[in-house]
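For reference, the structure discussed in these notes is given below.
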Amino acid sequence: MKINTETANRFKVIAIKLFVVTAYLLQALVGKLSGILVFSLLLYFSAPYIGLTQPYSAHELILWVHELPENYKTTFFSSILTIIGFLIAFSVGSAQQRQQYISQMKIEVASDIEEFFNEVSRISTDVEIYARYCLEVASVINEGADQNSIDFHMYNIINETNKFLQNRDILKAKSIEVHRFEGRYSIVLASTWGAMKQLDKAVEAFRNITDAMWFPSPLIDPRSPNKQELFLRQIDIERCQRYIEAYKNNYSSMNRTTGGLRGRLIAPITGMNISFIFALLKIK
């Protein structure tokens, strides 16, 4: 029987999920002091059912220790205290070191994502200003302003078009680069509640902006005698307005979700204090 590609991919996903859950349970049982305690209790109570001898009960263990010679008792209790002290010290030290590494990774992820979206926010704002200026120039020409004013705006729009094309190329590259966050930082983001969802919202808002940025730009020779006619012929007012609308609907959402994402990553590190509580209470 031939298995189609969709069924095979579904089995692969199920297998990966089972492997991840199993690995997490094993790590929780043998990688933490509390997990080792739970694992030991499970072995203790299930020993007769898996072919092992019945361990001493608590009462039998106390009787066994009581019957030991005094020097054996001293050795037994000192050994137990040493083992417990070592386990506690090792567990605390490992947890602190692991937490330090995780904190550093979260700060790096938050800074990288914030820097990326700050840049694309700035560039998308420049593109929005250019789109508005195109509409303004078209309005000046259609309203029959004096020629000096038209020439001034035409000179500016020709210069601004080159900057716009550069900004659009940057946003095009960034719209591809944004997807690296999910692959590069998936472990850190997946381990923080709501982080992946926040990133997806920011990426979607950014994609909505970049999808609307492909409005025509006037490519005009400064020496052309009929610059304003070429300008009106080449621009698309409706598509300029569409970008402005997409920018207005998604810019705040993009920045708000990236700010929330940074908060989710950094908040467990900084913790809460009195200043935080007062600042939270002031929010209306």
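The values are calculated or read from the model by the stated rules, or taken from the named source; none is laboratory data. Keep in mind it's a predicted model, so treat the numbers as computed, not measured. With ideal geometry, Cβ positions are generated from the backbone for all residues, glycine too; neighbour counts draw on all protein chains shown.
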> Which is more than 28 Å from the chain's Cα centre (by Cα) and at pLDDT below 95, of Ser217, Ser186?
Replying inline: Ser217
> For region 140-217, which helices (runs of 4 or more DSSP H) that fit wholly inside it have 3 or more residues that are hydroxyl-bearing (Ser, Thr, Tyr)?
Replying inline: 147-177
>> Going residue by residue through region 229-246, is there one that turns out to be surrounded by fewer than 17 Cβ atoms within 10 Å (Cβ to Cβ), modelled with pLDDT of 80 or more and more than 22 Å from Asn142 (Cα to Cα)?
In response: yes
> Can we say Leu265 is closer than 30 Å to Trp214 by Cα and at pLDDT below 90?
Replying inline: no
>> I'm trying to understand the selection: among the residues of region 48-79, which are under 22 Å from Gly35 (Cβ atoms), hydrophobic (A, V, I, L, M, F, W, C) and surrounded by 11 or more Cβ atoms within 10 Å (Cβ to Cβ)?
In response: Leu52
>> Would you confirm whether or not region 228-239 contains a residue that is under 25 Å from the mean Cα position of the chain (by Cα) and free of Cβ contacts under 8 Å to residues at least 40 places away in the same chain?
In response: no
> Are any residues in region 138-185 β-branched (Val, Ile, Thr) and in contact (Cβ under 8 Å) with a residue 40 or more places away in the chain, and if so, which ones?
Replying inline: Ile141, Ile150, Ile157, Ile158, Thr161, Ile170, Val178
> Identify, please: which residue in region 30-77 is of a type in the set (Gly, Ala, Ser) and assigned to a loop (DSSP other than H, G, I, E, B) and is, among those, modelled with the lowest pLDDT?
Replying inline: Gly31
> Which one is farthest from Ala267 (Cα to Cα) among residues in region 192-214 that are in contact (Cβ under 8 Å) with a residue 40 or more places away in the chain and of a type in the set (Gly, Ala, Ser)?
Replying inline: Ala205
>> For region 240-263: of the residues being among the hydroxyl-bearing types (Ser, Thr, Tyr) and closer than 21 Å to Ala131 by Cα, which is nearest to the chain's Cα centre (by Cα)?
In response: Ser253
> Looking at region 90-137, which of its residues are of a type in the set (Ser, Thr, Tyr), in contact (Cβ under 8 Å) with a residue 24 or more places away in the chain and out of contact with any helix residue (DSSP H, G or I) (no Cβ under 7 Å at 6 or more places or on another chain)?
Replying inline: Thr125
> Among the residues of region 147-191, which ones are closer than 19 Å to Leu265 by Cβ, among the β-branched types (Val, Ile, Thr) and surrounded by 13 or more Cβ atoms within 10 Å (Cβ to Cβ)?
Replying inline: Val178, Val188
> What residue, of Ile244, Ile220, is farther than 30 Å from Val20 by Cα, touching a residue at least 60 places away in the same chain (Cβ under 8 Å), of a type in the set (Val, Ile, Thr) and in a helix (DSSP H, G or I)?
Replying inline: Ile244
